[in-house]
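K.L.:
Handing you this structure, nothing more for now.
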Amino acid sequence: MYFSKRGLMAIVLVVALLSMLSMAVAQDEELVFGDLPRSETFIVASQAPHNDVWDSFNYYQAPTYNNATGYANVIVEPSFITSHDFHAWLAQSWEYNEDGTEMTLVITEGANWNDGMPLTMDDWLFTLQYNQENADKGIAWSSFLRDVTWSAEGNEITFMLPEPNWRFHYNFTGIGTFTPVPKHVWEGQDPTTFKNPDAIHSGPYRLVSSNADTRTTIWERRDDYWDPDRMPAPKYMVWLKRPEADVAVFEWEEGNYDLGRMPNSVMIRMMSANPHIKPLVHQDPCPRGLIFNTTIPPLDDNLFRRALGLLLNRQAVANLANVPGYVTPVLWPNLGDPDETYYDAAAAEEFQVTTFDPEAAAALLDEAGYPLVDGARVDKNGEPISLDALYIDIGNPGWTVWAWLLSEQAQLVGIEINPRLLDIPTFLTQGPNGEFDIIFRWFCGNLPGDPIALFEGLHSDHALPIGERSGGVPGRYSNPEMDAIIEQLRTHNPASEEAQALFRQAYRLWAEEAPYVTLYGENEGVVFNTEYWTGLEVGQAWVHWTPAARQIIDFLEPANR
Amino acid sequence: MTANIDARADESATERQDAGRREVFQYAIRRFGVYLFTLWAAITVAFFIFRLVPGDPMNILLGNLTRAEGRQRDAAAEEAIIAHYREIFGMDDPLPLQYVNYLRKAVLGGLDLGPSFVEYPAQTKDLVFRRMPWTLGIFTTSVFLAWLIGTGLGALIGWMQRHGLSQLAVILSTLLQITPQYLVALGLIIYAGYTLRILPAGGPYARHLQPEWSWEFISSLIQHAILPMLSNMIVIGAGFTLGMRALMISVLGEDYLTFARAKGLSPFTVLKDYAFRNALIPQVTGLAIIIGATLNGTFIIEILFQYPGLGTLFVQAMGLRDFNTMQAIVLFSIFAVLTLTLIVDLALPLLDPRIRRVA
Amino acid sequence: MRNTSIVVGIFMLILIVIVALAGPSVVNSLIFPGERPLMRGSYRPYQLDSPEHPIGTDGDGRDGLSVFVSSIGPSLQIGIIAGATATSLGVIIGFVAGYAKGRLDTLLRILIDMVLVIPTLPLLLMLAAYIERWDLYKLSLILGIFGWSFVARVIRPQVQSLRERSYVDLAVLSGENALEITFLELLPPLLPYIGYVFSLSIVGSMLAEAGLQIIGLGAGGLPTLGFMIAKGFRESVIAIGLLGQMLLPAGALIYVFLALNLINTGLDEVFNPRLQTTVEGE
């Protein structure tokens, strides 16, 4: 025996140390939320504003839709997703008949629910009927089925529409549209009160826990997800409601969140404190504009409205509103659609829809009969003109400063415009109720190849008395010429040449009438932490928009640390 | 010495003890009647205010719904949705009838305060009761502690008002009293929570835990409560200190103190039995007010610390114009303040014999 | 009459009044000649501290320092008008309630308690719908009108307690009427407390005003300290690193309160002779 006792002890000690060290290395994995490995957990810091529902996973209820648990993003899957074009998801394709009175939807076969049950045509038919039967209960995705009948064959559902409708498929494309619910869970339940407590939908995750006190929901990936090609990388998903930005910056800087929204203004600081943090900034799909109340003189005069449009320094507002250096601020002369087949460039030029020209505005006012008397413009009754401009302050300079810039320019031509700050709920009520002179608004819903949403709201159907809620552009605009164009547009296939001509016609009329004017397009962004996960980049579809998390999840890859 | 004085006081008290008792009893009855009337009047006014605030919950709800509903807007469908919710929330009835129904359900229906918009279909009552323990537990406790510390400290500072330390304490508490609570809370979060990392600075307990009787949960609960309590205590405590000091000083000018001191009573006895007692009465009233105001005043702390209490709920409800929930919270706060004031008023004659005569 | 507290307090007040009066034009001519630092959109918003913008620019693209300096004046005015309104209303009602017995006291009592427990924010939101144009004076009066109940609530029991003291009984016996008793016997000992409540309600109004600005009751877009703090909170200026835009307005409020308190303490020492002979602990 060459080993002395001491040597033997040394060897034992070294072995023991080595094994401890290897154990330590094996356990080096950082744990979060009790026992979730950080590198396998994707943490979304959401910021649900008012609704705070953590125990209901009911897709029909508006209060739960905007929740922070992430269920609408993690487990609810759409029929198709839309980015620049459409991608099949729970459904494969759609097709219209010749006159647009029938649409056939091909559903995806082989899908299943996250409790393991298959997702079949039965579930589709059940959901359609369930929605139709409960249409009077004030639930989402029921109104489009009114007077619609359908029949199923194989994996196809054919919808018989009461009148030609080339836009019926919009009810199946994108976030927040019709999607089937499991029959075995929802049968016999009331859509307004059922909570779907086990969160059964078709997505790749299962509910682990959800806590209303700590505002945290934990999801775990399921191995039996129906589409193995789209199996997401993170084993766990944690959705939590982040604290106020003042506090949340520290969480971000410590790398405790992976994805979420933060005010643009704090991004620079966060990025310098934590080099893993990347802002993913895109242009917001809803450009901003101003609506005039067309029932109040002199705003009932389109020349006066256009003169106000000429007083708007849009470039200055856009520059203030946007994060410098990411996406160039855009104005929207073409109502958000880059395709010239849908808008009339000559009309934009002729009616100066984005021009800032106070002199032209003064000339237009003189011409329209609003002369300058003792330094103030007077209306047709000889009274000095005084208007209120309503805005809200959400911390974005663009939303507030326009009113002050407009007020200043208006004063130079002799019109008094008082900027008035409102709290958000009052703003959301006074707007639709038409209780304003000039109000700030965002214009959502314009789809590539179909900008009808930008004109639809101008139909005189929406010109309700002041004080009643209007679903359209709430300026109480009413013009038979515009109505006629909109009514034709509703029944035309947007891809047809007739429709395109109509769109250009509507654009020209809008530019001449200026019932609302354009302001700017805004940059919006989410913050992404690349320390544990990568794969999200500027330019990818959806990446800027947190409600589209289901689509984003598929881009994620573990970071090589 | 003290015993001597007490004995004399007892003698004079015995003379009108019986009459006094009857008077106090009558006073209590009348005071209770006033309490009930005030409660009713305040609730009534609050009811009408909340229904008249601009901002229609239907508009806000529908804003959410239509955002969810996709792209095709449908005026008729929106009407149907509005009609459905208006019916559930009883908004179609004329206001006086709504009021009668509200009172009837609240009183006879076992506190049925209607459904909530914030967490529809949750009942307002359940919502409020779920959030109440957090507010009561953290904020009421901290107000109470702040009151105790502030009163003691204020009395001491007032008593020794010429002492250098006292003047320093006055300046310090003046600074703290007027500092916006938001800054104090944020300062604690940044310093204790993220710089020193000694205490968690957000949420009621660690995010992965569920309420249970385990050491892990309870210790987490306590750790998470320290910073919000502290930020509440600092500001409110400073206010109590200054208030007590001012009261103390005004009492110190009284002749009977000079007399008592001249008699050779020890300064501490004079402080304890004379000055402190007399200054205490308004301070007790102040406590009742502040406890009620806690609900309105500390919501910023609840929000910064992500505490799931009534303050946070009120802000959420205000944002959705959820009048049922706002009303329920205000109802609770009205009830708390008035009841506390009642208790204080009934207890005051015990503290201050002179008030007995007022009654 | 040489009392350091009064001298220091008055000096502090004069200083801030000078800053309020002269500050805006001084800052404008020294740092921003030929510019409009108060015009929204003049600069890129949320710029960090720099020689050009000592405390950065705010979320509306104005120079932070200019906003701060021009906030002081309107805030002081609001504070004084609202504080005086609230305190005098509160003291009068508190005195009447405390002095009177029976029905009047009960009625006032109910009124005080009601105003105290009903939250003012929704009430003000309601008012906002009915008042067309807001200016500084309307705003201050409204604040004062909603602020009195706290004062009344704390004054009333004090009066009640005082009027039962023996020296008040003596005064009654010597034929003083209610007014004389109030002004000669009851008011003097309460003055320090009233002074304290007054300074509290001045600064309280300056802070409360921020809440009104946010719901659209602002005094025509005037910059104020309260609004600066509220806006700073909403826009997370501390997280951005614009500490000055939060600490300066908060500091100014504290400063005003401190100055008022010093004067209050000093006045008390001079005019309250009984304080001179006070019994005191070692």
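Every read-out reported here was derived from the displayed coordinates using simple, explicitly stated rules and does not represent laboratory data. What you are looking at is a predicted structure, and each value in this text was computed from that prediction instead of being measured. Backbone-built Cβ (ideal geometry, glycine too); neighbour counts: all protein chains shown.
K.L.:
Taking Cα atoms, how many degrees apart are the long axis of helix C:244-271 and the longest axis of chain C, rounded to 10 and kept between 0 and 90?
P.N.:
Result, in degrees: 30.
K.L.:
Label 7 Å along Cα→Cβ of A:Glu40; segment A:194-222 residues with amide nitrogen under 18 Å?
P.N.:
Residues passing the 18 Å test: A:204-209, A:218-222.
K.L.:
With just the Cα atoms defining each centre, how far is segment C:236-261 from segment C:155-215? Give it in Å.
P.N.:
The two parts, judged by their Cα centres, are 30 Å apart.
K.L.:
Provide the FRET efficiency to the nearest 0.05 for the A:Thr104-A:His184 pair, computing r from the beta carbons and using R0 = 35 Å.
P.N.:
0.85
K.L.:
Follow-up question, since we're still on this one. Would chain A count as rounded, prolate or oblate if I go by the C-alpha gyration tensor, calling it rounded below 1.5 in a/c and otherwise prolate when a/b exceeds b/c, oblate otherwise?
P.N.:
Oblate, because a/c is 1.5 or more while a/b does not exceed b/c.
K.L.:
Follow-up question, since we're still on this one. Which lysines does A:Lys278 reach when only Cα atoms under 22 Å apart count, and residues fewer than 8 places away in its own chain are ignored?
P.N.:
Counting by Cα, and skipping residues close in sequence, A:Lys278 has these lysines nearby: A:Lys241.
K.L.:
If you find the alpha carbon centre of segment A:239-281 and of segment A:190-236, how far apart are they in angstrom?
P.N.:
When both Cα centres are located, 25 Å separates them.
K.L.:
With labels modelled as points extended 7 Å from the Cα through the Cβ direction, what inter-label distance (nm, one decimal) is found for C:Asp135 paired with A:Met231?
P.N.:
7.4
K.L.:
Mind checking which lysines have their Cα closer than 28 Å to the Cα of B:Lys105? Skip sequence neighbours fewer than 8 apart in that chain.
P.N.:
Cα-Cα hits under 28 Å: A:Lys137, A:Lys195, B:Lys125.
K.L.:
Helix C:187-212 versus the longest principal axis of chain C: what is the Cα-based angle in degrees, 0 to 90, to the nearest 10?
P.N.:
It is inclined by approximately 30 degrees.
K.L.:
Dipole magnitude of segment A:132-192 about its Cα centre, charges +1 at Lys/Arg Cβ and -1 at Asp/Glu Cβ only, in debye to the nearest 20?
P.N.:
For segment A:132-192, the charge dipole is close to 200 debye.
K.L.:
Sort C:60-69, A:246-255 by packing, meaning the average of other beta carbons within 10 Å per residue, with the highest value first.
P.N.:
Top of the packing list down: C:60-69, A:246-255.
K.L.:
Hey, what number do you get for chain A at 222 nm if only DSSP H runs of n ≥ 4 count, each worth -39500 (n - 2.57), divided across all residues, to the nearest 500?
P.N.:
About -8000 deg cm²/dmol.
K.L.:
For chain A, what is the charge dipole size about the Cα centre, in debye to the nearest 20, if Lys and Arg each add +1 at the Cβ and Asp and Glu each add -1 at the Cβ? Please report the intermediate quantities before stating the final value.
P.N.:
Working: 34 positive and 78 negative charges, 440 e Å.
The dipole of chain A has a size of about 2120 debye.
K.L.:
Now for a separate question. Taking Cα centroids, how far is segment B:307-351 from segment C:1-70 in Å?
P.N.:
40
K.L.:
Also: For the protein assembly as shown, with only Lys/Arg (+1) and Asp/Glu (-1) charged at the beta-carbon, what is the dipole magnitude about the Cα centre, in debye rounded to 20?
P.N.:
It comes to approximately 6100 debye.
K.L.:
Taking the dipole about the Cα centre of the protein assembly as shown, with the C-beta of Lys and Arg at +1 and of Asp and Glu at -1, give me whichever of A:Pro285, A:Pro180, C:Thr106 is farthest to the positive side.
P.N.:
With unit charges placed on the Cβ atoms, the residue in question is C:Thr106.
K.L.:
Take each uninterrupted DSSP H stretch in chain A, measure its Cα extent along the helix axis, and return the ones at 27 Å or beyond whose mean Kyte-Doolittle hydropathy is at least 1.0.
P.N.:
Correct list, ordered by number: A:5-26.
K.L.:
Here's something else I'd like to know. Would you calculate the separation in nanometres between label points at A:Asn155 and A:Glu349, each defined as 7 Å from the Cα along the Cα-to-beta-carbon direction?
P.N.:
5.1
K.L.:
From the residues A:Ala233, A:Leu259, A:Pro197, which one has its Cα farthest along the dipole of segment A:183-264 in the positive direction, the dipole being from +1 and -1 charges on Cβ of Lys/Arg and Asp/Glu about the Cα centre?
P.N.:
Going by the charge dipole, the pick is A:Pro197.
K.L.:
Once label points are set 7 Å from the Cα along Cα→Cβ at both A:Thr341 and B:Tyr99, what is their separation, rounded to one decimal in nm?
P.N.:
Modelled inter-label distance: 6.2 nm.
K.L.:
Let me ask you something else. Any lysines with Cα under 26 Å of the B:Lys263 Cα? List them, leaving off those in the same chain fewer than 8 positions away.
P.N.:
Output for B:Lys263: B:Lys272.
K.L.:
To continue, here is another question. Let me know the shape class of the protein assembly as shown, please: from the alpha-carbon gyration tensor, a ≥ b ≥ c as square roots of the eigenvalues, rounded when a/c is under 1.5, otherwise prolate if a/b is greater than b/c, or oblate.
P.N.:
Verdict is prolate for the protein assembly as shown.
K.L.:
How high is the FRET efficiency from A:Cys286 to B:Ile198, r the C-beta distance, R0 51 Å, rounded to 0.05?
P.N.:
0.70
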